There are 4 protein chains.
Amino acid sequence: MSATGDAKSNYAGVFEGRIGFGQRPALILIDFVEAYFAPDSPLFADVQPALDAALDLRDAARAAAIPVIYTNVVYHPSMRDGGRFAQKIGALSSFTRGNPMGDWPRGLEPGEDELVISKQYASCFFGTSLAATLAANGHDSLVITGLSTSGCVRATCVDACQHGFIPIVVGEAVGDRHDEVHRSNLFDMNAKYGDVVSLAEAKANFAKLAG
Amino acid sequence: MSATGDAKSNYAGVFEGRIGFGQRPALILIDFVEAYFAPDSPLFADVQPALDAALDLRDAARAAAIPVIYTNVVYHPSMRDGGRFAQKIGALSSFTRGNPMGDWPRGLEPGEDELVISKQYASCFFGTSLAATLAANGHDSLVITGLSTSGCVRATCVDACQHGFIPIVVGEAVGDRHDEVHRSNLFDMNAKYGDVVSLAEAKANFAKLAG
Amino acid sequence: MSATGDAKSNYAGVFEGRIGFGQRPALILIDFVEAYFAPDSPLFADVQPALDAALDLRDAARAAAIPVIYTNVVYHPSMRDGGRFAQKIGALSSFTRGNPMGDWPRGLEPGEDELVISKQYASCFFGTSLAATLAANGHDSLVITGLSTSGCVRATCVDACQHGFIPIVVGEAVGDRHDEVHRSNLFDMNAKYGDVVSLAEAKANFAKLAG
Amino acid sequence: MSATGDAKSNYAGVFEGRIGFGQRPALILIDFVEAYFAPDSPLFADVQPALDAALDLRDAARAAAIPVIYTNVVYHPSMRDGGRFAQKIGALSSFTRGNPMGDWPRGLEPGEDELVISKQYASCFFGTSLAATLAANGHDSLVITGLSTSGCVRATCVDACQHGFIPIVVGEAVGDRHDEVHRSNLFDMNAKYGDVVSLAEAKANFAKLAG
């Protein structure tokens, strides 16, 4: 029978190793769209603090000339590009092309020279050219913010690690509709795939790289 | 602030939809290797019941002529194919080629006509030809057993969904070194990517397909 | 020293096997955009007959309720998502978002229920969710038309084969700016990856499936 | 009607741009196995000069501490992991696990610290963790040698470009069973995906990096 005590103690010494920051990061803001901020949306998650933290970190990235990448989810009106994911989660139909639920929330408008990647699945790497863009531009790491911790953030963190890029997850800048789910996924990501850091640590790192 | 009550209630009605079983499944046994069964291994997880359940389900699959696929993790002795994953988890060095920690545990020996896929990362789809094999052979679904729930099982479930194959996770046949971590990952998978079913349901489905 | 006589004789009996048509095809029209039809475009290829053949086949697909998928190439104005491909081919800057060179040529307008996939690379599978869409919708084969034979068509044919879908290339419905290059690539694709068929054969197959 | 004169003139000025060498290359030797060297093999290609050139370049890479990677093709005895590729080319059954046709030819034995990647498809990137290994180890380019020019070399060159790594193809160190097919594929790769260079240029570049 597997252990039932404190998970952190159980994992300590085997998992939770630190990779550390890379030298050439990009910053990603995952799926910060209206569907998670509009109170009447089925996907409403009450995660304004995560967006605030991400925008704060974005300022630091811009000041350090670190590229900023945004993602959103966009489906054909027929949902025929939604695959098994859309079969599982009916609420994904909020993201058909042109649906206001896919709009950027106030304060997030991407800069003209910043990349926006539209995807159909949880991982920002799946069915997109993100890994190619990171490799071709010489990046070694991806600083991760966005929504939701248990969904697209977790899937992107796992895939960053798999594709060869150090995932750095900024704790305050990712969010989930449920706090326990948020925390259990931070635990898993930090245990096995990438380092979970604080907003202050991430900003300090960007400032150092700007130096 | 995101919700703090019961996660299941919070997710109900939005997530946790059912996809249902497919018509042409394959069964996968993920990373059932000695490292998780040897008491002195850093990766020891105390998960014999998960293996027993998987072997029980394998009998049902064989009786129904449903293909069985196994995975293990194999690295070059230099670990230079371990990438960021091996940088994060030092204990992955248990899986260098020829290390007895990578052996099959008693009772698991794959049949001669059954496929074994060696991988370097968490997802059985990443860096392998699994998706191609499933598509070329006309499968629509992947019934998932193996280790560990929060690691390779979760990553494989997410990727099955992303690649176009219905993931069916068999609750008793997957395991993790820690019970709470096991349960939180079952919750997440069932919420967003695939159906978590009981061993009895999975066996009944295989029997029906055998019919 | 490798052989110098007739390539077809040299390959016969080893390569050029036939896979045959699948049972559940989708039809793809690759990169039929203005850049290849406008006489003053650097990418002008003089390939109206290929478009005419593709539109003829599209009628047959629609009549048989076979899904039609279109691709185009779209880059961020900064070209920072163009990677090594854009470093190699400067003329790809014709495909920045909104550039009229990326418009559909007369007669091609996709139907409202037909999927359009925007890509950044040669293969329609690379950096897109095409393979996931084909798998999730139960397709076993991809009937290929489009531009150019030596570029995106060849790369897509190889990737269809790799991803588990039978590639069927329609000879008259693919084109290249140079006839010899067109023919050598048809030879290679037919030798190793998929069957090259005539427009008449493809139409007859669709009619049979409609039956 | 597409052009019929000299292809090189037709492509000049639009394609055939030069990317140039990268700063952090890896060297790959693709599928140099007995099947292509044994006179009674259906895949015999008479390409000893390509192997000789590759071994010469390997010496230069080792002297410059540039990592060397090898690939071979390995299938399960049932060929059920061969997918559509094995349906198309029956002779791929030469590569079932343990078949002497998959042995290294004399002179090629990989060093103990050099990586060997086994694959099932044409591209060395498809269904393998090669891209992850290159990205995690900070490589920006892949110097390509091996067999055959029209098959695995071409597919790997296209995929290197797509995945974000500069492909450098060494003309004398790649080979094909037919000379015309060899040359037409060198033309296509040089036109659109990577630079085709001479053995002397590649050696000079490695010597410079060793400096």
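Every read-out reported here was derived from the displayed coordinates using simple, explicitly stated rules and does not represent laboratory data. Computed from a prediction, not measured in an experiment: that's the story for all the values here. All Cβ positions, glycine included, derive from the backbone under ideal geometry; neighbour counts span all protein chains shown.
With a Förster radius of 25 Å applied to the beta-carbon distance between A:Glu16 and D:Ala65, the computed FRET efficiency rounds to 0.15.
The modelled label-to-label distance between A:Arg106 and C:Asp52, using points 7 Å beyond Cα along the C-beta direction, is 5.8 nm. When only alpha carbons are used to place a centre, segment D:49-65 and segment C:63-105 end up 38 Å from one another. The A:Arg97 and A:Phe44 beta-carbon pair, evaluated with R₀ = 22 Å, returns a calculated FRET efficiency of approximately 0.55.
Classify segment D:1-96 from the C-alpha gyration tensor, please: rounded if a/c falls under 1.5, else prolate or oblate depending on whether a/b exceeds b/c. Judged from the Cα gyration tensor, segment D:1-96 comes out oblate (a/c at least 1.5, b/c at or above a/b). Take the alpha carbon gyration tensor of segment A:82-125, find the square roots of its eigenvalues, order them as a ≥ b ≥ c, and report rounded if a/c is under 1.5; if not, report prolate when a/b exceeds b/c, else oblate. Because a/c hits 1.5 or more and a/b fails to exceed b/c, segment A:82-125 counts as oblate. Among C:Arg84, C:Arg18, C:Arg62, the residue with the largest mean-square fluctuation in a Gaussian network model of chain C, with springs joining Cα atoms closer than 10 Å, is C:Arg84. Shortest first and in nm to one decimal, what separations exist between D:Gly211 and its copies in the other chains, measuring from label points 7 Å along the Cα-to-beta-carbon line? Ordered by increasing distance: 3.2, 7.0, 7.5 nm. Restrict the search to segment C:107-211; then list the GluC sites (Glu not before Pro) that DSSP places in a loop and that have at most 14 other Cβ atoms within 10 Å of their Cβ. Counting only loop positions with at most 14 other Cβ atoms within 10 Å, the GluC sites (Glu not before Pro) in segment C:107-211 are C:Glu112. Distances between copies of A:Gly17, taken at a point 7 Å out from Cα along the Cα→Cβ vector and listed shortest first: 4.0, 4.1, 4.3 nm. Building the convex hull from the alpha-carbon atoms of segment C:23-210 and averaging its projection over directions returns 9.9 nm². Run the label-point distances for B:Ala91 please: 7 Å along Cα to Cβ, every other copy, nanometres, shortest first. List, nearest first: 3.4, 4.9, 5.6 nm. Averaged over the residues of D:138-145, the number of partner chain Cβ atoms lying within 10 Å of the residue Cβ comes to 2. Assuming R0 = 22 Å, what is the FRET efficiency of B:Thr4 and A:Asp6, from their Cβ-Cβ distance, to the nearest 0.05? It comes out at approximately 0.65. Within the listed set A:Ile19, A:Ile168, A:Ile89, the residue fluctuating most in the Gaussian network model of chain A (springs between alpha-carbon atoms under 10 angstrom) is A:Ile89.
In percent, rounded to a whole number, the relative contact order of segment B:21-210 is 29, using alpha-carbon pairs under 8 Å and six or more apart. Taking every lysine pair in chain C that is 8 or more places apart or spans two chains, those with Cα atoms closer than 27 Å amount to 7. Of all chain A residues, the one whose Cβ lies closest to the rotation axis that maps A onto B, given with that distance rounded to whole Å, is A:Ser184, 2. log₁₀ I(q)/I(0) of segment A:122-211 at q = 0.15 Å⁻¹, via Debye over equal Cα point scatterers, no solvent, to two decimals? These q points yield log10 I(q)/I(0) values of -0.54. Rounded is the label for the protein assembly as shown, because the ratio a/c of its alpha-carbon gyration tensor axes (a ≥ b ≥ c) stays below 1.5.
The charge dipole of the protein assembly as shown, taken about its Cα centre with unit charges on the Cβ atoms of Lys, Arg (+1), Asp and Glu (-1) only, comes to about 0 debye.
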